[in-house]
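Here's the structure we're looking at; comments come further down.
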Amino acid sequence: MSKTILSHNKNGSFSGMVSQSVTINASVSSLWKEIGNFIELSSWVLDVKKTELLSKIKNDIGAARKITFADGSTVIEYAVGWKERGHLSYIATSGLPLDGYHATLSITPKGKSCGLMWSSFLISQDSDKKKFEEFLAFMELFYAKSLETLKENLEKAT
């Protein structure tokens, strides 16, 4: 849907946004059951091999997870915003080629369907524009493919 460089300076500091959205023919409850399960991503997020819970909190603000991808890379994330059946926000603290990453999954009811938007703010120090643009494009495709898988899974189940 969109990727944008918001700012940059001559020292190699870049910030940007990525967002993708999808309409899913499923109930808010069905959709929340998937995205509100902070630890279970492998059924719909692209290339996730496994996810481990790193906190006592499972599905709320403060929940922490370690995601292992098919290529062996890992990312640590923490839930920082949570509204049951509404939205989930999280930050990544390690594993990405970034200095800051904040993302939100937001549900919008649309009659018998739901809209789901996955948006993020990213910041990178000591980067070059080409590498940052390539990472934004990667994230845009990653979000699109993951949301399409989620849509397919949920629509098959109904």
Test for Lys66: is it among the charged types (D, E, K, R), modelled with pLDDT of 95 or more and within 15 Å of the chain's Cα centre (by Cα): yes
Please specify each residue of segment 103-158 satisfying the condition of being of a type in the set (Lys, Arg) and under 18 Å from the mean Cα position of the chain (by Cα). Lys145, Lys151
Out of Lys83, Lys112, report the one residue that is at pLDDT 95 or above and among the basic types (Lys, Arg). Lys83
Filtered residues of segment 84-101 (kept if surrounded by 16 or more Cβ atoms within 10 Å (Cβ to Cβ) and in a strand (DSSP E or B)): His87, Leu88, Ser89, Tyr90, Ile91, Ala92, Tyr101
Which residue out of Tyr78, Tyr101, Tyr143 is modelled with pLDDT of 95 or more, within 16 Å of Ser21 (Cβ to Cβ) and either out of contact with any strand residue (DSSP E or B) (no Cβ under 8 Å at 6 or more places or on another chain) or among the aromatic types (Phe, Trp, Tyr) (or both)? Tyr143
Quick check on this structure: which one of Ser43, Ser13, Ser73 is closer than 24 Å to Glu152 by Cα and hydroxyl-bearing (Ser, Thr, Tyr)? Ser43
Out of curiosity, is Ala92 touching a strand residue (DSSP E or B) at 6+ places or on another chain (Cβ under 9 Å) and either over 23 Å from Ile57 (Cα atoms) or of a type in the set (Gly, Ala, Ser) (or both)? yes
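The values are calculated or read from the model by the stated rules, or taken from the named source; none is laboratory data. The structure displayed is predicted, hence computed values, not measured ones. With ideal geometry, Cβ positions are generated from the backbone for all residues, glycine too; neighbour counts draw on all protein chains shown.
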